[in-house]
Amino acid sequence: MSRPIARFLCVLVMVAAAACDKVPLLAPTQSTITLSVSTTTMGINGTAQVIASVIEQSGTAVQDGTLVTFTGSLGTFAPADAETRNGKATTTFRSNGESGTSKIGALSGGAKATEVRQLMELARSEVRRRFNINLVAEVKYLGEWMDK
């Protein structure tokens, strides 16, 4: 192999390696995201801390640096994208001054916080069936789903 070709291949490998650093780390397939919000009510232009806990299918926290994107209505997130540390990504939600119920969600790779609602609905229906008790959801912010 000639020197110019070897140099070209060396540069090509370095460029490819640098490009890999730019691809965000996302949650693996079958991961789940659970949201917790510091408050369920806030005043006009109020803020709330939102934490997304991201767990792999095996039950372990995702790798540090996994990117989580927060979504919602009636406000903004700072930052809108956050990286995990010990399986948790944290952001601040600031209401935009409109009254109403905000819908807050988070996603990373194929994992979405809305997946938790299916488990909650199953548990609520089973308790209602077995004990004739209607549970009221304490967690109000799960993606596009809201308990009425």
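Numerical summary
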quantity	calculated
Hits in the stretch 17-71 - residues which are closer than 12 Å to L107 by Cβ and either polar (S, T, N, Q) or free of Cβ contacts under 8 Å to residues at least 40 places away in the same chain (or both)	S31, T32, T66, T69, F70, T71
Count of residues meeting criterion [surrounded by 19 or more Cβ atoms within 10 Å (Cβ to Cβ) and closer than 19 Å to Q30 by Cβ] in the stretch 42-66	5
First in the stretch 92-103 and touching a residue at least 24 places away in the same chain (Cβ under 8 Å) and in a loop (DSSP other than H, G, I, E, B), second anywhere and of a type in the set (F, W, Y) and surrounded by 12 or more Cβ atoms within 10 Å (Cβ to Cβ), Cβ under 8 Å, 6 or more apart	S102/F93; S102/Y141; K103/Y141; K103/W145
Out of F70, F77, F8, sole residue that is modelled with pLDDT under 90 and either over 17 Å from K103 (Cα atoms) or not polar (S, T, N, Q) (or both)	F8
Residue satisfying all of: in the stretch 83-100; surrounded by 12 or more Cβ atoms within 10 Å (Cβ to Cβ) and of a type in the set (S, T, Y); nearest to L26 (Cα to Cα) among these	T84
Filter pass, T114 being modelled with pLDDT under 90 and assigned to a loop (DSSP other than H, G, I, E, B)	no
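Residue-wise test of (1) crowded, with 17+ Cβ neighbours inside 10 Å; (2) at pLDDT below 60; (3) touching a helix residue (DSSP H, G or I) at 6+ places or on another chain (Cβ under 8 Å); (4) not hydroxyl-bearing (S, T, Y).
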position: E126; (1), (2), (3), (4): no, no, no, yes
position: F131; (1), (2), (3), (4): no, no, no, yes
position: N134; (1), (2), (3), (4): no, no, yes, yes
position: L142; (1), (2), (3), (4): yes, yes, yes, yes
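The values are calculated or read from the model by the stated rules, or taken from the named source; none is laboratory data. Note that this is a predicted model, so its numbers are computed, not measured. With ideal geometry, Cβ positions are generated from the backbone for all residues, glycine too; neighbour counts draw on all protein chains shown.
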